[in-house]
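Notes follow the structure.
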């Protein structure tokens, strides 16, 4: 029904400025001629996420789209958005209290709407089910169901790519290296506390640190920010 | 993984204050003990949609949630949101130029996130593929794919109900009557021009008028607003 012709050599990366989506940016550049990125402002705790995304995109000459999603704040009730609530591993629901129901579904659907506009056939997201984060919308079966819903709902043959889905953090570090994206990791953020240098103690920092250690590679972010 | 227990007797209706979703509200009240509704502010042309939704919800003692979605405006490029563009049947893409890519996917995903919060198992939407509106995200196969994506992505057995999917407008009018929702139609809006009394000439007014005529029922909105 839709006469829009998607560009098979164009990809849009859902980009948070974090370690995983930064890796995806370079993976996408290896695979597609044209790569753009989209950053979602959705009420994050820390401005550093946006600063990281802008810095990495501009250093690599990647067009960065920005979309504002205030709806999650209205829905309320999770520690990533409620700046007064502390972050813990698990909430009453059995999910981490950083869980925003349907967050990745929303991100990817808006990304698809934007892809429709810029005619990019490929959507790339850094979701990963091996890091045991407990987010059901990061799993492959969810992504496949959503891909079908988006294809039918926008009537375009979008493809959602999840290059990190089954990788360990160490393998993600190695993928960043093999796609030329290691040095950009000096500007990617990870710390839940938004600290620079990173706190090194939150679950997110620990996961990143373990990944680099297992990969036998020094973290460019640590090198850049360490205090001598 | 999620320990949230959904209430099998509770439904959330995606509610625009229009003819179809007003009918759904009464359908839901016939089927479930508890019914709530959600209205999306997404940059509609006319304030009358919101006024209709508030009026109908309050007259029927239904809790009305409100969520604001400014993201569609940022995405831009369609006549329902761009107040300077005129409405026509078809745009360059072969879709009506009222097409917002993925709009219903987004509405239903946010509705599911809200359902998770209020523990409603059932989502009700007035989408309909028989009115030939040309929106691919109103079709049953899209809704079924999205239901699966939502179930997996939020890890809850939500059910999406589309009571109007295969009904003609005349059948929708009769459903409104048989569920006790006919008089509420006096306050539902339809007109693309947002006019009161309705313009009677836009595609939306014509479709409504044809439906009531074929059902052999006088439109309570016409009765309420006609000028003597």
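The values are calculated or read from the model by the stated rules, or taken from the named source; none is laboratory data. For clarity, every value in this text was computed on a predicted model and none was experimentally measured. Please note: Cβ atoms are built from the backbone with ideal geometry, for glycine as well, and neighbour counts cover all protein chains shown.
Within the stretch B:107-114, can one find any residue that is within 14 Å of another protein chain (Cβ to nearest Cβ), part of a loop (DSSP other than H, G, I, E, B) and touching a strand residue (DSSP E or B) at 6+ places or on another chain (Cβ under 7 Å)?
Checking the stretch B:107-114: not a single residue is within 14 Å of another protein chain (Cβ to nearest Cβ), part of a loop (DSSP other than H, G, I, E, B) and touching a strand residue (DSSP E or B) at 6+ places or on another chain (Cβ under 7 Å).
Being in a helix (DSSP H, G or I), within 11 Å of chain B (Cβ to nearest Cβ) and modelled with pLDDT under 95 is true for just one of A:78, A:104. Which residue is that?
A:104
Taking the stretch A:25-50 on its own, how many of its residues are closer than 21 Å to residue A:194 by Cα and in contact (Cβ under 8 Å) with a residue 60 or more places away in the chain?
8
Per-residue answers, yes or no, for (1) within 19 Å of residue A:37 (Cβ to Cβ); (2) part of a loop (DSSP other than H, G, I, E, B); (3) touching a helix residue (DSSP H, G or I) at 6+ places or on another chain (Cβ under 9 Å); (4) free of Cβ contacts under 8 Å to residues at least 60 places away in the same chain:
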| residue | (1), (2), (3), (4) |
| --- | --- |
| A:121 | yes, no, yes, no |
| A:129 | no, yes, yes, yes |
| A:137 | no, no, yes, yes |
| A:141 | no, no, yes, yes |
| A:145 | no, no, yes, yes |
| A:153 | no, no, yes, yes |
| A:160 | yes, no, yes, yes |
| A:164 | yes, yes, yes, no |
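Only one residue in B:180, B:200, B:194 is at pLDDT 95 or above and assigned to a loop (DSSP other than H, G, I, E, B), so which one is that?
Only one candidate passes the filter, namely B:180.
In the stretch A:132-158, what residues are surrounded by fewer than 18 Cβ atoms within 10 Å (Cβ to Cβ), more than 7 Å from chain B (Cβ to nearest Cβ) and within 15 Å of residue B:149 (Cα to Cα)?
Result: A:140, A:144.
Does residue B:9 count as in contact with a strand residue (DSSP E or B) (Cβ under 7 Å, 6 or more places away or on another chain) and either within 21 Å of residue B:171 (Cβ to Cβ) or in a helix (DSSP H, G or I) (or both)?
It is false that residue B:9 is in contact with a strand residue (DSSP E or B) (Cβ under 7 Å, 6 or more places away or on another chain) and either within 21 Å of residue B:171 (Cβ to Cβ) or in a helix (DSSP H, G or I) (or both).
Looking at the structure I just gave you, is residue B:161 surrounded by fewer than 22 Cβ atoms within 10 Å (Cβ to Cβ) and touching a strand residue (DSSP E or B) at 6+ places or on another chain (Cβ under 7 Å)?
So residue B:161 fits the description; yes.
From the list B:121, B:213, B:174, B:148, which residue is in contact with a strand residue (DSSP E or B) (Cβ under 7 Å, 6 or more places away or on another chain), at pLDDT 95 or above and more than 19 Å from residue B:16 (Cβ to Cβ)?
When all the criteria are applied, what remains is B:121.
Which of the residues belonging to the stretch B:42-60 are in a loop (DSSP other than H, G, I, E, B) and at pLDDT 95 or above?
Matches in the stretch B:42-60: B:60 only.
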